[in-house]
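> Just passing along the structure, written as structure tokens.
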Amino acid sequence: MILSILIAGVAIGSIYAMIGICYNIMYSTSKVLSFTCGQLGMIGAVFGAWFIGDLQWPIWLGFPAAMLVGVAFGFITELIAVRPVLKNIDQHLYVLSTLAFALMVQTAAAIWWGTEPRPFRTLIGLGSGALAEKYWLPVVVCLLTVGTIDLFYRKTLWGRAFTAISEDPGAALALGIPERRMRVISYGLAGFVGALAGFVGGQLLFAFFAIGALLNFYGFIPIAFGGIGSNRGALVGGLALGILQQVANYLVGGVFVGVVIFALFIAVLVLIPQGLFGSSAARRV
Amino acid sequence: MSTFSNSGKGVADPANPGRLISQFAPLAAALLIAGILPSFVDNYWIQIASLACIYWVLIAGLNLIVGYAGQLAIGFVGLLAIGAYTAAILCEKLGVPSLVALVLAGCSGAFFGFVIGLPSLRLKNFYFAMTTLGFATIVTQVALGWESLTGGGIGLPGPVFPAPFNSSVGFYYLVLAMALIATYLLRNIAISNFGRGLVAVRDAEVAAEAMGVPVVRLKLVTFTFSGGLAGLAGALYAARQTYITPDAFTFDLSVMFFIAVLIGGRGRIVGPMVGTAILTLLPEIAAPLVAWSTFAYGLLLLLVVLIVPGGMADYIDKIFKKRPIANRITAPKVGVISAVISRAGDKAATSIVVKNVALAFGGVRALDGVDLEVQPGTIHGLIGPNGSGKTTLLNVISGYYAANQGTIFFGEHDIAGMPVQSRSGLGIARTFQTPRVLGNLSVLENAMLGAYSQFSSSFPLTALGLPNSRREDKAIRERAYRALTAVGLAHCAESRADQLQHTEQRFLEIARCLVMQPKILLLDEPAAGLAHNEIENLGTLIEEMCSLGVAILLIEHHTDLVFRISGHVTVLNLGKVLASGTPSEVRTNKEVINAYLGT
């Protein structure tokens, strides 16, 4: 019993962690926290279900196609909701522009796909019970994602360029790093990771238009805990949140889980605004 | 004297009937139309008009949060739901009379407004938006899940008001009256020092603290007030719907409220009112597209943010608001200063004494055991190379940084642990290296901000528009106008502050400090970017303030100015006092010449 609760918690926490990483990737090049991250997960789940379910495409075709939709959505986010408001980043208009765009996407999905949750087809069919695919797949993919991105940031020239931009965009630009192109690429990458989270989490969360808003919130909590920009923090925070949620579900049950998590979220944010793994805020005057 | 009071009253001058009429004519016309509406439209449209009034009660309060204070509270639908459920539960389960329930719904809204205001003290922007969004989600979930209280998905009947408010026309007049009251309260706050303080929190929080705005208290009071209005609106909403379920409080309502404020313009009243009317009508006109209404709200929000981030009001401003005349000259009238800064019966001379102050940022010792004393009625020059710690010292004195060691005494007060706004209340005023003025407010209103901590009227009394608060406002308005005259900006008093040139904004900051009637004035590079004659004017201004007993700490790189007007000069280098003495001692000091002045 306890084991199955833990397994479910780790599985769902991995999905949250991946959405958290999606926030991080966008933030690294633009200092923008975007309300579209959760919607990316929804897109991965809904388009995945459509391609491999409704359209009966094979996985080798349906998976890349769903990822492609995610990447495209990432590009569009950058183009219409982020780039126009970056000039006055200190006004934080991106909060509203990305919220507006996320709302549009969610409504469009609700109308096109329907408002009922639909099942997501089993992909590989390996394992059963507590070790069913829907539990281990998100965990494995999440760990792979964190590892790959970590290697990419530390070992490749492109990855180092990303790091440079996130640390000091002005200096990076002066060094000849194409800041705008890097930003566009990062949004594509974030689109990929977000859609991937929805795709591998589809069997657990279902292909449902409303999971976007849900993932938005539960994906943000890990990075608020772990500190923005820290992918490992997102991983730790995501897993902790998933387990906490499942345990609370078992102990308290029902709607009050949401209340408890929300209250904890506020409390932690107010007490340690920079998160556990983040660096403290800069000077004001 | 009389010349000042004639021209110094500003835009909302109640003694000027012409202006009064032009200002209130549109409002009176709107009111007349709203009043006779039931006699020429059918029941259906009366209900729509009622809904617009109910929305406005909420949006009037939200306007203070979003439009004035600039807090991205996107989850106000949660407060609407709380008001609605409070009223419905009280009436249905406890048999409370509906009008009492209405009042109690306002109280519960105010309480939860306070609660969602709490995170705003620490969290900004996306973080805060996310917490309010989470709040709205939680409220809906609880309404769904707590079936014994809320009826869950089945819902509850809304309160039914007694006659004459039980007919749709009677109810319409009730909500219209509520909307009028909300407008009246909003207007009184908006044009008061609280309104200016909120805009300062939005556009220049750092400067707001320096002017004595108690940011924490002001935010919480405003959230409580707005929550109260939202709670009232919720109860009225429940009555209008006759039956409420959690579905009635979807997130798109929240977005709609938000757009209504943004589209009308931040920091305005009529704009958001028009926005509310349009957005309430929109679904009626575009009925076939009802499934797409959320999409439309999203699109509208995106378009507003991308195309008119300042709202419609900004465009109207650009056309109508008085611009400062071209080729204007800033000609200070220093003789006026004495009329501005004389505090009746408050002549106690106070000096500031800094002892052995140290502050390190990581491994950098920005201040390393600094001693400094500024006497009333003297000018103390503070010079030194870039990065020597001058501004850091100023920030420690005004309270933005807490020193790691050392003491700071202002007269008898140990101010080292005091928050910024309390220090300004004691009479410590400062300017900033980069002027921090409120671009959307008029020059006069900017200057008035300096006297923030001298207003005694409380928020509720100001909201009610009692004569005392208006009297205070008038007195400060006149003082601010004199301060503008003193620094030579009186001819721009009615212009928006963002239309001033950079150098004029520096003088505006000084005027703002003058209005505070400071005992000590900390000037952070006031001459930077000024032309030669402007520096002369600045010097004269500073000397005049000094001769009236103000202590002046002057950070400047124009050493000729510093040496000419200062009685005492301290030189900082690498966080330490390199030399301290009279100008002639300092300027011939070998070390100072080597480290800073050059030969």
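The values are calculated or read from the model by the stated rules, or taken from the named source; none is laboratory data. Here the structure is a predicted model, which means the values were calculated and not measured. As a convention, Cβ positions derive from the backbone with ideal geometry for all residues, glycine included, and neighbour counts pool all protein chains shown.
> Checking the structure you have, find out if any residue of the range B:329-337 is touching a helix residue (DSSP H, G or I) at 6+ places or on another chain (Cβ under 7 Å) and within 25 Å of B:Val206 (Cα to Cα).
no
> Within the bounds of the range B:156-167, is there any residue that is more than 14 Å from chain A (Cβ to nearest Cβ) and crowded, with 23+ Cβ neighbours inside 10 Å?
Yes, there is a match, as at least one residue in the range B:156-167 is more than 14 Å from chain A (Cβ to nearest Cβ) and crowded, with 23+ Cβ neighbours inside 10 Å.
> Do any helices (runs of 4 or more DSSP H) lying entirely in the range B:87-159 carry at least 1 residues that are of a type in the set (Phe, Trp, Tyr), and which ones are they?
On the way: elements: B:98-117, B:125-145, B:147-150.
The qualifying helices (runs of 4 or more DSSP H) are B:98-117, B:125-145.
> Can you tell me which of B:Leu464, B:Leu523 is crowded, with 21+ Cβ neighbours inside 10 Å and not assigned by TED's automatic domain parsing to the domain that holds B:Ala182? Spell out how you get there, then give the answer.
Numbers: B:Leu464 fails: crowded, with 21+ Cβ neighbours inside 10 Å.
After ruling out the rest, the residue left standing is B:Leu523.
> Would you check if A:Phe225 is surrounded by fewer than 24 Cβ atoms within 10 Å (Cβ to Cβ), touching a helix residue (DSSP H, G or I) at 6+ places or on another chain (Cβ under 9 Å), over 24 Å from A:Ala100 (Cα atoms) and within 14 Å of chain B (Cβ to nearest Cβ)?
The answer is no for A:Phe225.
> Taking the stated definitions as given, is A:Thr98 under 26 Å from A:Gly242 (Cα atoms), within 11 Å of another protein chain (Cβ to nearest Cβ), in a helix (DSSP H, G or I) and out of contact with any His (no Cβ under 6 Å at 6 or more places or on another chain)?
Working: under 26 Å from A:Gly242 (Cα atoms): yes; within 11 Å of another protein chain (Cβ to nearest Cβ): yes; in a helix (DSSP H, G or I): yes; out of contact with any His (no Cβ under 6 Å at 6 or more places or on another chain): yes.
In short, yes.
> Can you find a residue in the range B:140-154 that is in contact with a Phe, Trp or Tyr (Cβ under 6 Å, 6 or more places away or on another chain), more than 12 Å from every other protein chain (Cβ to nearest Cβ) and small (Gly, Ala, Ser)?
no
> Where residues in the range B:286-331 are more than 11 Å from chain A (Cβ to nearest Cβ), surrounded by 14 or more Cβ atoms within 10 Å (Cβ to Cβ) and small (Gly, Ala, Ser), which of them is farthest from A:Ala108 (Cα to Cα)?
Filtering the range B:286-331 for residues that are more than 11 Å from chain A (Cβ to nearest Cβ), surrounded by 14 or more Cβ atoms within 10 Å (Cβ to Cβ) and small (Gly, Ala, Ser), the one farthest from A:Ala108 (Cα to Cα) comes out as B:Ala313.
> Taking the residues in the range B:390-426 that are part of a helix (DSSP H, G or I) and over 22 Å from B:Asp371 (Cβ atoms) as candidates, determine which candidate is nearest to the other protein chains (Cβ to nearest Cβ).
B:Val420
> Determine whether the range B:274-285 contains at least one residue that is assigned by TED's automatic domain parsing to the domain that holds B:Ile74, surrounded by 24 or more Cβ atoms within 10 Å (Cβ to Cβ) and touching a helix residue (DSSP H, G or I) at 6+ places or on another chain (Cβ under 7 Å).
Yes - at least one qualifying residue is present in the range B:274-285.
> Then there is this: If B:Gly228 satisfies all but one of (1) closer than 28 Å to A:Leu264 by Cβ; (2) more than 14 Å from chain A (Cβ to nearest Cβ); (3) under 19 Å from the mean Cα position of the chain (by Cα), what's the number of the condition it fails?
With respect to (1) closer than 28 Å to A:Leu264 by Cβ; (2) more than 14 Å from chain A (Cβ to nearest Cβ); (3) under 19 Å from the mean Cα position of the chain (by Cα), B:Gly228 is out only on (3).
> Could you pull out the residue among B:Asn573, B:Asn594 that is without any contact (Cβ under 8 Å) to a residue 24 or more places away in the chain and polar (S, T, N, Q)?
B:Asn594
> Next up: Being under 20 Å from the mean Cα position of the chain (by Cα) and assigned to a helix (DSSP H, G or I) is the filter here; which residues of the range B:482-505 pass it?
The answer is B:Ala497, B:Asp498, B:Gln499, B:Gln505.
> Going by the structure shown, is A:Asn249 within 14 Å of chain B (Cβ to nearest Cβ), crowded, with 24+ Cβ neighbours inside 10 Å and of a type in the set (S, T, N, Q)?
no
> Here is a further query. A:Ala210 - would you say it is out of contact with any strand residue (DSSP E or B) (no Cβ under 7 Å at 6 or more places or on another chain), under 23 Å from A:Ala66 (Cα atoms) and modelled with pLDDT under 90? Full working, then the answer.
On the way: out of contact with any strand residue (DSSP E or B) (no Cβ under 7 Å at 6 or more places or on another chain): yes; under 23 Å from A:Ala66 (Cα atoms): yes; modelled with pLDDT under 90: yes.
In short, yes.
> Scanning the range B:427-442 for residues that are small (Gly, Ala, Ser) and assigned to a loop (DSSP other than H, G, I, E, B), which turns out surrounded by the most Cβ atoms within 10 Å (Cβ to Cβ)? Reasoning before the result, please.
As a first pass, look at the range B:427-442 and keep what is small (Gly, Ala, Ser): B:427, B:429, B:439, B:442.
Retained after the next criterion (residues that are assigned to a loop (DSSP other than H, G, I, E, B)): B:427, B:439.
On the way: B:Gly427: 22, B:Gly439: 14.
Looking at residues that are small (Gly, Ala, Ser) and assigned to a loop (DSSP other than H, G, I, E, B), I get B:Gly427.
> Another question, then. How about the range B:549-599: which of its residues are in a helix (DSSP H, G or I) and among the aliphatic types (A, V, I, L, M)?
Passing the criteria: B:Leu561, B:Val562, B:Ile565, B:Val586, B:Val592, B:Ile593, B:Ala595, B:Leu597.
> Sort out which residues of the range B:113-130 are crowded, with 23+ Cβ neighbours inside 10 Å and of a type in the set (Val, Ile, Thr), and write them in order of number.
Correct list: B:Ile116 only.
> What do you reckon, is A:Phe162 at pLDDT below 90, more than 17 Å from A:Ile19 (Cα to Cα) and either touching an Asp or Glu at 6+ places or on another chain (Cβ under 6 Å) or of a type in the set (A, V, I, L, M, F, W, C) (or both)?
On the way: at pLDDT below 90: yes; more than 17 Å from A:Ile19 (Cα to Cα): yes; either touching an Asp or Glu at 6+ places or on another chain (Cβ under 6 Å) or of a type in the set (A, V, I, L, M, F, W, C) (or both): yes.
Here the answer is yes, as A:Phe162 does meet what is asked.
> In the range A:113-139, what count of residues is obtained for those that are closer than 16 Å to A:Asp54 by Cβ and of a type in the set (Gly, Ala, Ser)?
Adding up the residues that qualify gives 1.
> Follow-up question, since we're still on this one. Quick one: is B:Gly265 on the phi > 0 side of the Ramachandran plot and within 14 Å of chain A (Cβ to nearest Cβ)?
On the way: on the phi > 0 side of the Ramachandran plot: yes; within 14 Å of chain A (Cβ to nearest Cβ): no.
No.
> Got at least one residue in the range B:222-238 being surrounded by 20 or more Cβ atoms within 10 Å (Cβ to Cβ), modelled with pLDDT of 95 or more and under 24 Å from B:Asn446 (Cα atoms)?
Yes, the range B:222-238 contains at least one residue that is surrounded by 20 or more Cβ atoms within 10 Å (Cβ to Cβ), modelled with pLDDT of 95 or more and under 24 Å from B:Asn446 (Cα atoms).
> Let me ask another. Just one of the numbered conditions (1) within 14 Å of chain A (Cβ to nearest Cβ); (2) touching a residue at least 24 places away in the same chain (Cβ under 8 Å); (3) within 18 Å of the chain's Cα centre (by Cα) is not true of B:Gly61; which one?
Result: B:Gly61 passes all but (1).
> Something else: Given the criterion small (Gly, Ala, Ser), crowded, with 22+ Cβ neighbours inside 10 Å and out of contact with any Asp or Glu (no Cβ under 7 Å at 6 or more places or on another chain), identify the matching residue among A:Gly188, A:Gly176, A:Gly201.
Answer to the selection: A:Gly201.
Rundown of residues vs (1) in contact with a Pro (Cβ under 8 Å, 6 or more places away or on another chain); (2) under 30 Å from B:Arg217 (Cα atoms); (3) at pLDDT 90 or above, yes/no style:
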{"residue": "B:Gly335", "(1), (2), (3)": "no, no, no"}
{"residue": "B:Ser342", "(1), (2), (3)": "no, yes, no"}
{"residue": "B:Leu382", "(1), (2), (3)": "no, no, yes"}
{"residue": "B:Lys390", "(1), (2), (3)": "no, no, yes"}
{"residue": "B:Ser398", "(1), (2), (3)": "no, yes, yes"}
{"residue": "B:Gly417", "(1), (2), (3)": "no, yes, no"}
{"residue": "B:Leu426", "(1), (2), (3)": "no, yes, no"}
{"residue": "B:Thr431", "(1), (2), (3)": "yes, yes, yes"}
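> Does the range A:248-262 hold any residues that are touching a helix residue (DSSP H, G or I) at 6+ places or on another chain (Cβ under 6 Å) and in a helix (DSSP H, G or I), and which are they?
Answer for the range A:248-262, where residues must be touching a helix residue (DSSP H, G or I) at 6+ places or on another chain (Cβ under 6 Å) and in a helix (DSSP H, G or I): A:Ala248, A:Asn249, A:Tyr250, A:Val257, A:Gly258, A:Val259, A:Val260, A:Phe262.
> Just to verify a result, which residue in the range A:53-74, among those that are aromatic (Phe, Trp, Tyr) and touching a residue at least 12 places away in the same chain (Cβ under 8 Å), is surrounded by the fewest Cβ atoms within 10 Å (Cβ to Cβ)? Walk me through how you get there before you give the answer.
In the first step, residues of the range A:53-74 are kept if they are aromatic (Phe, Trp, Tyr); the result is A:57, A:60, A:63, A:73.
Applying the additional criterion that residues be touching a residue at least 12 places away in the same chain (Cβ under 8 Å) yields A:63, A:73.
Values: A:Phe63: 20, A:Phe73: 25.
Ranking the qualifying residues of the range A:53-74, first place goes to A:Phe63.
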